[in-house]
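The values are calculated or read from the model by the stated rules, or taken from the named source; none is laboratory data. Computed from a predicted structure; not experimentally measured. Note: ideal-geometry Cβ built from the backbone for every residue, glycine included; neighbour counts use all protein chains shown. To get the accessible areas, we keep the full protein, side chains included, count just its heavy atoms, and leave off ligands, DNA and RNA. Shrake-Rupley method; radii C 1.70, N 1.55, O 1.52, S 1.80 Å.
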Amino acid sequence: QVHLVESGGGLVQPGGSLRLSCAVSGIRISIADMVWYRHGPGEQREWVAMMTRGGTPNYADSVKGRFTITRDSAKNTVYLQMNSLKPEDTAAYYCLLKWTPLDYWGKGSLVTVSS
């Protein structure tokens, strides 16, 4: 079975940083595309960042230059480093493993940016 577990969320002040982790079991992340989504209060789900199986990162314009997606194949974990956080970054952040035609989701990690 494939399981994804996000961690690292919490309360942070504007301008602060957090690092989210997505620990994967049951499949090697190196054969899949790894994606971070977020779902803010009263908003639609938003794609945030992706690491392709080839190792190429892509970012939404709203986070470009502030967020960085990385992966550690040895730990089978994907990370989202979030810097210069803004109140509008407040959301539940979800990790998605895309191994066509299958998608596997984690349960999410809540990030709150507030003073």
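Some observations on this one:
- Within the stretch 43-56, if we keep just the residues that are surrounded by 14 or more Cβ atoms within 10 Å (Cβ to Cβ) and without any contact (Cβ under 8 Å) to a residue 40 or more places away in the chain, the residue that is nearest to THR100 (Cα to Cα) turns out to be ARG53.
- Within the stretch 22-32, tally of residues that are part of a strand (DSSP E or B) and open to solvent by 30 Å² or more (accessible area, probe 1.4 Å): 2
- Residue count for the stretch 24-69 under the criterion of being of a type outside the set (Ser, Thr, Tyr) and touching an Asp or Glu at 6+ places or on another chain (Cβ under 8 Å): the result is 8.
- Among the residues listed as LYS98, LYS75, the single one being more than 19 Å from THR112 (Cβ to Cβ) and assigned to a loop (DSSP other than H, G, I, E, B): LYS75
- Among residues of the stretch 62-110 being touching a Gly at 6+ places or on another chain (Cβ under 7 Å) and open to solvent by less than 60 Å² (accessible area, probe 1.4 Å), the one that is farthest from GLY26 (Cα to Cα) is LEU85.
- Condition check for GLY40: at positive phi, surrounded by 12 or more Cβ atoms within 10 Å (Cβ to Cβ) and either of a type in the set (Val, Ile, Thr) or under 14 Å from the mean Cα position of the chain (by Cα) (or both): no
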